[in-house]
Each structure stands twice: as C-alpha cells, then as structure tokens.
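Peer 1: I have a structure I would like to understand better, so I am pasting it below and will then ask my questions one at a time.
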Amino acid sequence: MDGICTLANDRVYDQLIALLNSIEANAGKQIPVCIYPYDDNTEKIAAAIKQRPQVQLYNNSESIHKWDEFVRRVWDTHPTAKQRWQQIGSNGYHRFGTHRRNGAFDGFLYMDADTLLISPPNTIFAQLDSSDWVVYDFQYKDPTHVYEVSSPKLREIFPPPRIETEIFCSGLYASKRDIFVEAQREWLIAR
C-alpha cells in the first residue's frame with residue numbers, strides 16, 4: 001500500500017484540511033497522502049500543502065489519463081446518460097472529475113475529502129493481505145446516489161434486500177495495486 005489518497009479542489013479546501021489533520025493525528029505525519037485533482041482549481045490546495053512534505057497534489061498524467069479515458073468510454077456506452085445530463089444543464093460528461101478517484105486502484109487507501117480518519121488505518125492495510133480490496137461506505141438511506149433505482153435491470157441483478165443492505169458508495173476503499181488492469185477494464189466496457 002502506497003498511502004492515502006483523496007479527491008479535491010479548492011471548493012472543498014476546508015474539508016480537505018480537516019481530513020489531512022485527521023490523517024496526521026491518527027496515522028502520523030510520515031504516511032504519504034496524494035490529492036487527486038478534481039479539476040484545475042487547486043491553487044489554495046497547492047499553497048497549503050507546501051508545509052506538508054508527505055502530501056502531494058497527484059500529477060501522474062499517465063494514471064490520470066488512463067482513468068479519464070476509461071470513464072469516458074464507460075459513459076459513452078450508456079444509452080441515456082448524455083441526454084439526461086443535457087436535461088439538467090450539463091454539457092459533456094457530468095461531474096467528470098469525481099471519477100479521478102479511480103486512481104486509488106493503483107494501490108492506495110481512498111478517502112473522500114469530507115471524511116475523517118479516526119483511527120490508524122493499519123487494519124485496512126492488513127486486510128489487503130487476504131482481500132483484493134476493502135470498502136467501507138454504505139448508502140442505505142439513498143440508493144439513488146449510487147443506482148438508477150427505477151431500472152428494471154437493477155432488480156434482475158440485485159434483489160431488493162441486497163439493495164437495501166449492501167450498496168457501496170466510494171467514500172472509503174482500498175485496493176491492491178493494478179486490480180483493474182487494462183484487460184479487465186476492456187472486459188468491463190464490453191459489458
């Protein structure tokens with residue numbers, strides 16, 4: 001495991017600083033932290049992390065491009081996504097930067113910027129010795145945040161009791177490095 005990562009821009013600056021403070025308090029000041037840029041609006045973040053040598057604004061353009069392209073291709077296969085985005089006034093890919101958190105599949109513990117680390121992450125990292133990934137963020141109250149609940153296909157794949165108890169969002173997860181290699185990403189897009 002390479003460290004902890006999050007997704008942020010200057011709009012969530014205060015939340016990010018709270019997360020970084022919680023990481024330092026509960027995991028130490030030596031654990032590497034990378035911040036995936038939601039977009040190019042990161043001037044305040046860049047200035048704030050100058051005093052935190054363990055924190056970097058993620059700039060691996062190859063990794064960012066890999067995940068940006070994957071998400072574009074995924075959304076391009078969706079039959080109604082672009083039409084629905086236009087209806088709500090969004091041109092292009094709606095909230096595109098949110099998917100940059102997929103870079104965590106390159107070997108990090110991912111935490112949303114609006115979360116806090118309240119204990120050392122050792123148990124999460126240790127779980128990766130026997131599991132490909134670890135998740136901890138459930139959406140019991142509002143499954144529409146994750147799924148199109150009116151879709152009849154959803155009920156074919158997941159019976160209602162599973163939707164009511166097992167919905168995973170992406171607020172905290174960790175994975176082994178390269179869990180989604182190119183062949184796996186291509187397989188997912190094909191389906």
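The values are calculated or read from the model by the stated rules, or taken from the named source; none is laboratory data. Just so it is clear, the structure is predicted and the values come from calculations on it, not from any experiment. Surface accessibility is based on the protein's heavy atoms, side chains included, excluding ligands, DNA and RNA. Shrake-Rupley method; radii C 1.70, N 1.55, O 1.52, S 1.80 Å.
Peer 1: Amide H neighbours of ALA8 under 5 Å, at least 5 residues apart or on other chains, H built in the peptide plane: list them.
Peer 2: TYR36, TYR38
Peer 1: For Cα pairs less than 8 Å apart in space and 6+ apart in sequence, what is the mean separation divided by the residue count of region 60-191, i.e. the relative contact order in percent?
Peer 2: Numbers: 121 pairs, mean separation 42.8, N = 132.
That works out to 32 percent.
Peer 1: Further question: For region 23-106, count the residues as N, evaluate 2.2 N^0.38 Å, and divide the Cα radius of gyration by that value, please.
Peer 2: So the Cα radius of gyration is 1.35 times the expected 2.2 N^0.38 Å.
Peer 1: Next question. Per residue, how much accessible area does the chain show when a 1.4 Å probe rolls over the protein heavy atoms, in square angstrom? Each step should come with its number before you reach the end.
Peer 2: On the way: 11520 Å² over 191 residues.
For the chain, the per-residue accessible area is 60 Å².
Peer 1: Also, I was wondering about something else. Which value in Å is the Kirkwood Rh of the chain over different Cα pairs?
Peer 2: One over the average 1/r among Cα pairs gives 18.0 Å for the chain.
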